[in-house]
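Have a look at the structure below, then the notes.
The values are calculated or read from the model by the stated rules, or taken from the named source; none is laboratory data. Please read these numbers as outputs of a predicted model, since none were measured by experiment. So basically every Cβ, Gly included, is an ideal-geometry build from the backbone, and we count neighbours across all protein chains shown.
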Amino acid sequence: MSEHNSVNKAQSLQVSCIQMHWAKPLGFNLERTLHYIKAASEYGSRVVLFPETNLTSYYFPHIIQQTPGDVQAALDRVRGAAAEHGIWTIVGTARKTADRYLNIAHVIDPRGNVAHEYAKVHMAGRDEQKYCRGGDKLSLFEIDGILCTLVICRDGRHPELYRLPAMAGAQILFQPSCSSDEIEAVCWKRTAGRAQQPVGPNTRMFHCVANTIGESPDGKQTSSGASFIREPGGIPLAQAGYYAEEMITAVLDLSRADRSYILDSLKNPPFLAKYWPRMIEEMKQRADAKPE
């Protein structure tokens, strides 16, 4: 990964998170994605974050009917829109491989290039466990000189996936998510605050979540909504509702993301201190690898 130039590092960053339906066909998802890329750009955002597998959907009866060519064509349309509107765009697909699928987040720069890709590490629901396998790297990339990281949905329950990138300097965690489940389970997730747990209180970094809404075609599952953007103390800067497609936006003051808890973890307890630099270096070496 290239070294960033601190002279050019942005001091603030406006981010929009898009809350979308999780179980619609590819064409519908592409149309809504293109709409919100334009809307976020017109609103002045530098980054727009979409939910987990927002292009292909997270509904596997749809996914397994899609061809790799159709998925790539949709991704190419998104790349063109990112370039047209000059905005960093983070979108998701389920990518077919020789054996199973990878759940991928694609980071597209304002010129339309795929600057970074991350494959979800920890599989969640029954269908995902059946059809997908996990990735083998952590996420570390730059947006306008700001070090960032990504986890996807269930990954957020595994703090090492974002704490190691924070040890390397990441100030923002982007979390595309699809917190879909049986209706009763989603209700309890909302009550317990379990769908996405804010990371600021244990890292002192920003946390941006784009989640999904809506029911599966058979009505047996729903999703928990409540996308959010939270500052490093865990305070909400913007939060979506439970049920509606919507866009939320906030300006991140990067000086607040001091990663103070992470810096303490690098030093204490002393017997662990010698191990962190080794892990951080190996993580950096793998950061630009294409998920396969």
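Annotations
- Every residue from the stretch 236-259 that is assigned to a helix (DSSP H, G or I) and surrounded by 11 or more Cβ atoms within 10 Å (Cβ to Cβ): Leu254, Arg256
- Selection from the stretch 260-289 of residues that are charged (D, E, K, R), touching a residue at least 12 places away in the same chain (Cβ under 8 Å) and in a helix (DSSP H, G or I): Lys284, Arg286
- Scope the stretch 161-200; condition assigned to a helix (DSSP H, G or I) and either touching a strand residue (DSSP E or B) at 6+ places or on another chain (Cβ under 6 Å) or modelled with pLDDT of 95 or more (or both); matching residues: Leu161, Tyr162, Arg163, Leu164, Pro165, Ala166, Met167, Ile183, Val186, Gly200
- The residues of the stretch 1-45 that are β-branched (Val, Ile, Thr) and either at pLDDT 95 or above or surrounded by 23 or more Cβ atoms within 10 Å (Cβ to Cβ) (or both), listed by number, are Val15, Ile18, Thr33, Ile37.
- In the stretch 45-70, the residues that are in a helix (DSSP H, G or I) and either closer than 16 Å to Pro176 by Cβ or aromatic (Phe, Trp, Tyr) (or both): Phe60, Ile63
- Some residue of the stretch 126-134 being within 17 Å of Gln285 (Cα to Cα) and either at pLDDT 95 or above or crowded, with 21+ Cβ neighbours inside 10 Å (or both): no
- Evaluating Arg100 against the criteria (1) surrounded by fewer than 22 Cβ atoms within 10 Å (Cβ to Cβ); (2) under 18 Å from Phe174 (Cα atoms); (3) touching a Cys at 6+ places or on another chain (Cβ under 7 Å); (4) not hydroxyl-bearing (Ser, Thr, Tyr) leaves one unmet condition, (2).
Quick grid of which residues meet (1) of a type in the set (A, V, I, L, M, F, W, C); (2) free of Cβ contacts under 8 Å to residues at least 12 places away in the same chain; (3) under 28 Å from Gly219 (Cα atoms):
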position: His62; (1), (2), (3): no, no, yes
position: Val71; (1), (2), (3): yes, no, yes
position: Arg79; (1), (2), (3): no, no, no
position: His85; (1), (2), (3): no, no, no
position: Lys96; (1), (2), (3): no, no, yes
position: Arg111; (1), (2), (3): no, no, no
position: Ala119; (1), (2), (3): yes, no, no
position: Met123; (1), (2), (3): yes, no, yes
position: Gln129; (1), (2), (3): no, yes, yes
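- Residues in the stretch 265-291 that are among the charged types (D, E, K, R) and either under 24 Å from Lys9 (Cα atoms) or touching a Phe, Trp or Tyr at 6+ places or on another chain (Cβ under 6 Å) (or both): Glu281, Lys284, Arg286, Asp288.
- Here Arg154, Arg163 are screened, and the one residue that is under 17 Å from Cys208 (Cα atoms), crowded, with 22+ Cβ neighbours inside 10 Å and basic (Lys, Arg) is Arg163.
- Scan of the stretch 203-224 for residues that are outside any strand (DSSP E or B), at pLDDT 95 or above and either under 23 Å from Leu161 (Cβ atoms) or among the hydrophobic types (A, V, I, L, M, F, W, C) (or both), ordered by number: Thr203, Arg204, Met205, Asn211
- Total residues in the stretch 138-160 satisfying the condition of being closer than 24 Å to Ala74 by Cβ and assigned to a loop (DSSP other than H, G, I, E, B): the figure is 3.
- Being among the basic types (Lys, Arg) and out of contact with any Lys or Arg (no Cβ under 6 Å at 6 or more places or on another chain) holds for only one residue in Lys189, Lys137, and it is Lys189.
- For the criterion of being closer than 20 Å to Asn211 by Cβ and modelled with pLDDT of 95 or more, His85 fails.
- Just one of the listed residues (Arg133, Arg100, Arg163, Arg154) is of a type in the set (Lys, Arg), within 28 Å of Asp253 (Cβ to Cβ) and touching a residue at least 12 places away in the same chain (Cβ under 8 Å), namely Arg163.
- Remark: Thr67 falls outside the filter, which requires a residue to be surrounded by 23 or more Cβ atoms within 10 Å (Cβ to Cβ) and over 24 Å from Ala257 (Cα atoms).
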